[in-house]
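Report on one structure; see the data block that follows.
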Amino acid sequence: MGYVKRIGPVLLTVCLTLLLNGCGETDDGYTDKQLFAMDTYVLLRIGGENTAALETAAEKIGMLETELTGRDADGTGGAARLNASGGQEVAVGEELFGLLEASAAYSEQTGGAFDITTYPLTKLWGFGTAGRIPDDAEIAEALTQVGYQKLRLDPERRTAVLTDGAQIDLGAIAKGYAAETVCGIFTDYGIESALINLGGNIFVIGSKLDGSPWRIGVADPEDTRETVGVLSARDTAVVTSGSYQRYFEQGGTRYHHILDPVTGRPADNGLVSVTVICDDAVWADALSTALFVMGEEKPVGFWRETGGFEMILIRDDRQVLLTPALEDSFEITAGSGYRVEVVS
């Protein structure tokens, strides 16, 4: 058995090249900064040479990492303090409280498919360590501590309470929030062309310097060195959740990190990758996880009823489902063996 951590599926080659070659100005008029934060590799790329914007953004990401990491060993961040509170009321910072409110709203909107209280299950399955398969009794016990209703918020006092032994894990929303925040920083600095990549959570500002759209590769779940296709994008978030990103294997079976809050087990519904495209990186991050948990049919119905986002669903039978608005902007990789179907 082994725990495998994968770098985010989007722009993988670019990210790894930068890690090998260091930071600095590129040949095409961009300045890059790379770092490791929020348990992933981060690439910040801006048009021009505004190093102050990059340093400000990197510093902010570091602050968010501390504040939003519920498993912080030092317990200095708000999320870690809340997890260690033992059911007591905790005053939290404005940013964390806003993210907790958004998480609660997203849980309601997705019927619980998105749920930040799954941390007891994450620990039980050993994601972040060697990985282990818990027995049915252990899962049943952990599920008594899971449920977004166990997070109670008081907006007037800006406090939070976790009941019944619940603990939070903001991993399915924190990087989206960080990307959205960095986008705001870059906008404040007057940057009109930029790419923000937090381990597969992408936000692109404007077009590339030559006026063309950003081209974002969606990884092949069977071989992340290859792509299923390439998406052309401007001024939007592109977030992917996949069963191939973090997992361990035992007895020839892969157990991935996207856990179903109802069953307490890795979601098993025929999907291997979900990519969400919309102008709100926080919603896109949460939604990519929620849609993955829902499976194939429910995401299509949710998209029809809700709107405001586009999606790419990849099934384990190599079928790719696209929403109609992506038909002209998503280009399937020749020879990939994947089949595309446009949903309606």
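Tabulated values for the structure
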| item | result |
| --- | --- |
| Cross-chain or 6+ apart pairs with Cβ under 6 Å, segment 97-116 first and of a type outside the set (A, V, I, L, M, F, W, C), then at pLDDT 95 or above and not in a loop (DSSP other than H, G, I, E, B) | 106/286; 107/148; 110/290; 115/107; 115/148 |
| From the options 284, 325, 334, residue that is hydrophobic (A, V, I, L, M, F, W, C), outside any strand (DSSP E or B) and without any contact (Cβ under 8 Å) to a residue 12 or more places away in the chain | 334 |
| Unique match (being in contact with a Lys or Arg (Cβ under 6 Å, 6 or more places away or on another chain) and among the aromatic types (Phe, Trp, Tyr)) among 97, 114, 186 | 97 |
| Extreme residue, surrounded by the fewest Cβ atoms within 10 Å (Cβ to Cβ), among residues of segment 198-230 that are under 25 Å from residue 256 (Cα atoms) and touching a Lys or Arg at 6+ places or on another chain (Cβ under 7 Å) | 230 |
| Residue in segment 176-194 that is surrounded by 20 or more Cβ atoms within 10 Å (Cβ to Cβ), touching a Phe, Trp or Tyr at 6+ places or on another chain (Cβ under 6 Å) and part of a strand (DSSP E or B) present | yes |
| Condition check for residue 35: over 16 Å from residue 183 (Cβ atoms) and modelled with pLDDT of 95 or more | yes |
| Restricting segment 259-284 to residues that are charged (D, E, K, R) and farther than 22 Å from residue 125 by Cα, the residue that is least open to solvent (accessible area, probe 1.4 Å) | 280 |
| Candidates 59, 65, 89 - the one that is acidic (Asp, Glu) and closer than 25 Å to residue 156 by Cα | 89 |
| Within segment 152-173, tally of residues that are open to solvent by 10 Å² or more (accessible area, probe 1.4 Å) and within 16 Å of residue 287 (Cβ to Cβ) | 2 |
| Yes/no for residue 216 being over 19 Å from residue 290 (Cα atoms), touching a Cys at 6+ places or on another chain (Cβ under 8 Å) and not aromatic (Phe, Trp, Tyr) | no |
| Test set (1) loosely packed, with under 15 Cβ neighbours inside 10 Å; (2) more than 18 Å from the chain's Cα centre (by Cα) - residue 303 fails condition number | (1) |
| Positions within segment 52-71 being outside any helix (DSSP H, G or I) and open to solvent by less than 40 Å² (accessible area, probe 1.4 Å), in sequence order | 70 |
| Residues of segment 227-260 satisfying the condition of being over 23 Å from residue 32 (Cβ atoms), assigned to a strand (DSSP E or B) and either modelled with pLDDT of 95 or more or under 16 Å from the mean Cα position of the chain (by Cα) (or both) | 228, 229, 241, 242, 246, 247, 256, 259 |
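The values are calculated or read from the model by the stated rules, or taken from the named source; none is laboratory data. Predicted model, so just to flag it, every value in this text is computed and none were measured. Reconstructed Cβ throughout: ideal geometry from the backbone, glycine too, with neighbour counts over all protein chains shown. The area values use the complete protein model at the heavy-atom level, side chains included, leaving out ligands, DNA and RNA. Shrake-Rupley method; radii C 1.70, N 1.55, O 1.52, S 1.80 Å.
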